[in-house]
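Colleague: Got a structure for you, questions after.
The values are calculated or read from the model by the stated rules, or taken from the named source; none is laboratory data. Remember, it's a predicted structure, so these values are computed and weren't measured experimentally. Virtual Cβ from ideal backbone geometry, glycine too; neighbours counted across all protein chains shown. Heavy atoms of the whole protein, side chains included, go into the accessibility calculation; ligands, DNA and RNA do not. Shrake-Rupley method; radii C 1.70, N 1.55, O 1.52, S 1.80 Å.
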Amino acid sequence: MNAEAKTTAKTDGQSDVILTMRGLRIEGYADEVWHEIVHGVDVTLRRGEVLGLIGESGAGKSTIGLAAMGFARDGCRISGGQIIFDGIDLTKASDDELRALRGSRIAYVAQSAAAAFNPAHRLIDQYCEAPVQHGIMPRSEAEADAKDLYGRLQLPDPDGIGFRYPHQVSGGQLQRAMTAMAMACRPDLIVFDEPTTALDVTTQIEVLAAIKNIVQQFDTAALYITHDLAVVSQMADRIMVLRYGNLVEEGETRPIVEDPQKDYTRDLLAVRTFRKPPVDEPEGDIPLLRVENVTAAYGKVPVLSGVSMDIHEKRTVAVVGESGSGKSTTARVITGLLPPSEGRVLYEGQALDPTYRKRSKDELRRLQMIYQMPDTAINPRQRVRDIIGRPLEFYLAIRGEEKEARVRQLLQMIELDPDDFIDRHPGELSGGQKQRICIARALAAEPELIICDEVTSALDQLVAEEILKLLQRLQDDLGLAYMFITHDLATVKAIADEIVVMLAGEVVEQGPKQEILTPPHHEYTELLLSSVPEMDPDWLDRVLEDRAAAI
């Protein structure tokens, strides 16, 4: 039976409701005790319907999404309630029954496509695995189906892209390939878990349009998990607002977005109100850091061409652009991780050695970096006191009681209680708390310039707002300069003094924030600004229509 016939056979004569959760309770294990983290939530999902689950970190969104597959991650268990998928109670189903459903009738699209794919296998091999193993179609038919879906998802070279490995395609292309893989068996239900969080705004539009189109074509039900109300308003028919494992508010998308009834929902809609106050123009001709006509390559592949920018003390320069534009590569050159083939980096007018290994300890100390993913940036086996304490020893030779006192002071600076957090491991922290620890670790070196590489992109909007306010307070208190790499234009508007716009390894526009954000814009800057989702359920359709008309 081919996939199209399978879809028709599944829907004929069956109930309109595909998923029902009643009184769902889920517990998590911590401190040798089971704690309830989802408290009696009810969910109803119909065929062809997209239900948005939104809320800040710890709301229970992903936990409920995984429960729709009859699954609880390590350290969690489904402790109560019913999960009925097309008449099957998943809480009572055997392991064999669940294996038969997962991947075939229920599919999952993860937040990080790069982490979800096996790097050792080609895309088309990974696509074909589920339909072949579930006996839905033979390999030859699965390959033809993959090429068809790649085309529907507007991937370049749909006949050939499947024969690439995951590292040979962009992040947006990989996310669409994962959506295609989830559709391989034409499931009744797909769980989308933050599928566009780490994507730049131009790529996000492509992925959102592809997801919306494929769900509509095959009348697939979907749970769309996100912390971004502007995104979910483009995708969902209904929205459930969650907080601390409880349902706060539920309803049709437009009423929820335009007239929320609960204070918490209104808070989610009102985030990113923070704006850094205007600052005076920088004094003096010598910036704290100058990137001067830098050209660089990875092997024989050019990645930067003639990049120049200045960062003055006590100021924030936002570097924006889509994936592959050269933002993070520029940071690698500045930090000495990637020596340029041409150009140089100067600190207070003095050229830095192109390679970090040849820079002095003081030069390394003065320039620190905070990374996008705190989960991978800190050692999960170390306690907070060791994570923050190591740079104190390495750069400043601070040890013993003085180090202990300084670690506690740094925890207070990032607004975490030292008595509560100093002996915790990263696994005992939320995403926002981990990022605060990364900030404290950078501050421990007493730097003058901090490079912030997408530090809020993996955080929900409420936590991201708190981190931005914290960074601004630290800049005011300590006189720090920031290079803020981001694809989030809301973050740029909130925290930047100056903006550098990059495309394909080149700087296409730079200047004061008000100048860059005030029309007329450079053509590419206009594309970035027009790609920022609006809190309007019709926005995505309108943008796609406008761009189609312009072609």
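Colleague: Among P447, G58, M137, whose Cα projects farthest towards the positive end of the dipole of the chain, with charges put on the beta-carbon of Lys, Arg (+1) and Asp, Glu (-1)?
Modeller: Farthest along the dipole direction, towards plus: M137.
Colleague: More than 11 Å apart: what percent of Cα pairs in region 498-541 qualify?
Modeller: 69 percent
Colleague: Using Cα centres only, tell me the gap between region 27-68 and region 260-335 in whole Å.
Modeller: 35 Å
Colleague: Moving on to the next point. Which cross-chain or sequence-distant (5 or more) residues have an amide H under 5 Å from the amide H of R46, H modelled 1.01 Å from N in plane?
Modeller: Answer set, sorted by chain and number: I18.
Colleague: Leaving out ligands and nucleic acids, note down the accessible area per residue over region 274-389 with a 1.4 angstrom probe, in whole Å².
Modeller: 54 Å²
Colleague: What residues qualify as long-range amide H neighbours of G505, i.e. H under 5 Å apart, gap of 5 or more or another chain, H built at 1.01 Å from N?
Modeller: It is G326, by chain and number.
Colleague: Starting with the highest mean, order 177-183, 189-195, 244-250 by the number of other Cβ atoms within 10 Å, averaged over the residues of each peptide. Numbers along the way, then the final one.
Modeller: On the way: 177-183: 25.6, 189-195: 23.9, 244-250: 17.7.
So the order, starting with the most tightly packed, is 177-183, 189-195, 244-250.
Colleague: Starting from a Cα-only point model with no solvent, please compute log10 I(q)/I(0) by Debye for region 268-352 at q = 0.14, 0.15, 0.16 1/Å.
Modeller: Log-scaled intensity ratios, in q order: -0.58, -0.65, -0.71.
Colleague: Can you tally the net charge around A296? Count Lys and Arg as +1, Asp and Glu as -1, for every other residue whose Cβ sits under 14 Å from the Cβ of A296.
Modeller: +1
Colleague: Classify region 121-229: rounded, prolate or oblate, from the alpha-carbon gyration tensor (a ≥ b ≥ c, eigenvalue square roots; a/c under 1.5 rounded; otherwise prolate if a/b is larger than b/c)?
Modeller: It is oblate, given that a/c is not under 1.5 and a/b is not larger than b/c.
Colleague: Between region 481-551 and region 89-126, what is the separation of their alpha carbon centroids in Å?
Modeller: Between the Cα centre of region 481-551 and that of region 89-126, the gap is 36 Å.
Colleague: Using the heavy atoms of the protein chains alone and a 1.4 angstrom probe, what is the accessible area of region 94-161 per residue in square angstrom?
Modeller: 49 Å²
Colleague: Let me spell out the model: positive unit charges on the Cβ of Lys and Arg, negative unit charges on the Cβ of Asp and Glu, origin at the Cα centre of the chain. What dipole size does that give, in debye rounded to 20?
Modeller: Details: 60 positive and 87 negative charges, 280 e Å.
Roughly 1340 debye, rounded to the nearest 20.
Colleague: Please compute the per residue accessible area over region 473-551 with all protein chains in place, 1.4 Å probe, rounded to a whole number of Å². Could you put the intermediate results ahead of the total?
Modeller: On the way: 3620 Å² over 79 residues.
So region 473-551 comes to 46 Å² accessible per residue, rounded to a whole number.
Colleague: If you roll a 1.4 angstrom probe over the protein chains with everything in place, what fraction of the accessible area of region 69-208 belongs to carbon and sulfur, to the nearest %?
Modeller: C and S atoms contribute 47 percent here.
Colleague: Turning to a different aspect of this structure: Could you go through region 503-517 in sequence order and give the Karplus-derived ³J(HN,Hα) for each residue, using 6.51 cos²θ - 1.76 cosθ + 1.60 with θ = phi - 60°, rounded to whole Hz, and x for Gly and Pro?
Modeller: Per residue, the Karplus-derived 3J(HN,Hα) values read 8, 6, x, 10, 7, 9, 6, 7, x, x, 3, 4, 5, 5, 8 Hz.
Colleague: Calculate for the chain the 222 nm mean residue ellipticity that helices alone would give, adding -39,500 (n - 2.57) per DSSP H run of length 4 or more and normalising by residue count, nearest 500 deg cm²/dmol.
Modeller: -11000 deg cm²/dmol, from helical runs alone.
Colleague: If you don't mind, there's one more thing I want to ask. What's the carbon and sulfur percent of region 255-327's accessible surface, probe 1.4 angstrom, rounded to a whole number?
Modeller: 48 percent
Colleague: Express as a percent, rounded to the nearest 5, the fraction of DSSP beta bridges in the chain (both residues included) that run antiparallel.
Modeller: For the chain, the DSSP antiparallel bridge percentage is about 55.
Colleague: Near T265, within a Cβ-to-Cβ distance under 12 Å, what is the net charge of the other residues, with Lys and Arg +1 and Asp and Glu -1?
Modeller: Working: positive: R243, K262, R266; negative: E56, E249, E250, E258, D259, D263, D267.
So the environment of T265 carries a net charge of -4.
Colleague: Moving to a separate point now. Taking all protein chains as present, what is the carbon and sulfur share of the accessible area of region 452-543, in % to the nearest whole number, probe 1.4 Å? Before the final figure, lay out the partial values.
Modeller: Values: 1650 of 3290 Å².
It is 50 percent, rounded to a whole number.
Colleague: Taking the Cβ of G151 as the centre, find all other residues whose Cβ is under 10 Å away and add up their charges (Lys, Arg: +1; Asp, Glu: -1). Spell out each step's value before the answer.
Modeller: Numbers: positive: K147, R152; negative: D148, D157, D159.
Around G151, the surrounding residues sum to -1.
Colleague: Could you state the number of Å between the C-alpha centres of region 214-257 and region 382-444?
Modeller: If we compute the Cα centre of each part, the gap is 37 Å.
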